[in-house]
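The values are calculated or read from the model by the stated rules, or taken from the named source; none is laboratory data. All of these numbers come straight from a predicted model, not from anything done at the bench. Here Cβ is always computed from backbone atoms with ideal geometry, including for glycine, and neighbour counts include all displayed protein chains.
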Amino acid sequence: MKLEDAQKIANHLVEQLSPHCERIAIAGSIRRKRPRVKDIEIVCIPKPYETGLFESGIATVVNGWGKVKGELPCKFTQRLITVKGAKGYAVIVLDLFLVKPENWGLQLAIRTGSAAYSHKVLATGWKKRGYTSVDGMLTQRGKEYPVYEEKDLFQRIGLPYVNPENREV
């Protein structure tokens, strides 16, 4: 899918999810401004919500989309989004990452990618400094270190901040 088309769809999804989130951002290849996009990645900090009989908040939106995997409440769910285009209907995959303020920066950086950049630059950088990523949090010797912003991650692992569109290997 062309970047412009994927960006419009992602923006629409963000509009639907925003009322139920403390914070939300488009990540992945859209954020890196790649000309071709295969899926949509969104990172969000959801407001408290309920599932099941008394479903509320973000669940009322997300559970309306076709599920591939990940049942709310969870840290990751993959959904199918059907969109109407000039040539009929198309389906695009949404990867939705539900995070907390303490790991927003880490998860947004990882989910912005590219996958090779996240592995070869970010993960290698934190490993050199004695950190690991455990359960979505940056840890060192069993202690969790909050990463509120992407710049915090780059600083903690001793790398200069890199703009999303330059995060390719």
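Note on the stretch 35-69: residues that are surrounded by fewer than 18 Cβ atoms within 10 Å (Cβ to Cβ), within 25 Å of Thr112 (Cα to Cα) and among the charged types (D, E, K, R) amount to 6.
Checked against the criterion of being aliphatic (A, V, I, L, M) and modelled with pLDDT under 95, the candidates Val147, Val169 yield just one match: Val169.
Taking the criterion of being in contact with a Gly (Cβ under 8 Å, 6 or more places away or on another chain) and assigned to a strand (DSSP E or B), the only residue of the stretch 139-169 that qualifies is Gln140. Taking (1) touching a Gly at 6+ places or on another chain (Cβ under 7 Å); (2) farther than 20 Å from Lys33 by Cα; (3) crowded, with 18+ Cβ neighbours inside 10 Å in turn, Trp126 satisfies each apart from (1).
Residue-by-condition table, conditions (1) closer than 24 Å to Gly125 by Cα; (2) among the β-branched types (Val, Ile, Thr); (3) in contact (Cβ under 8 Å) with a residue 40 or more places away in the chain:
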{"site": "Leu13", "(1), (2), (3)": "no, no, yes"}
{"site": "Lys87", "(1), (2), (3)": "no, no, no"}
{"site": "Pro101", "(1), (2), (3)": "yes, no, yes"}
{"site": "Gly113", "(1), (2), (3)": "yes, no, yes"}
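Can you name every residue in the stretch 1-16 that is closer than 21 Å to Trp104 by Cα, crowded, with 19+ Cβ neighbours inside 10 Å and not small (Gly, Ala, Ser)? Within the stretch 1-16, just Leu13 meets the criteria. So in the stretch 138-161, with the set limited to residues that are of a type in the set (Val, Ile, Thr) and touching a residue at least 12 places away in the same chain (Cβ under 8 Å), which one is farthest from Arg111 (Cα to Cα)? Only one residue tops the list, namely Ile157.
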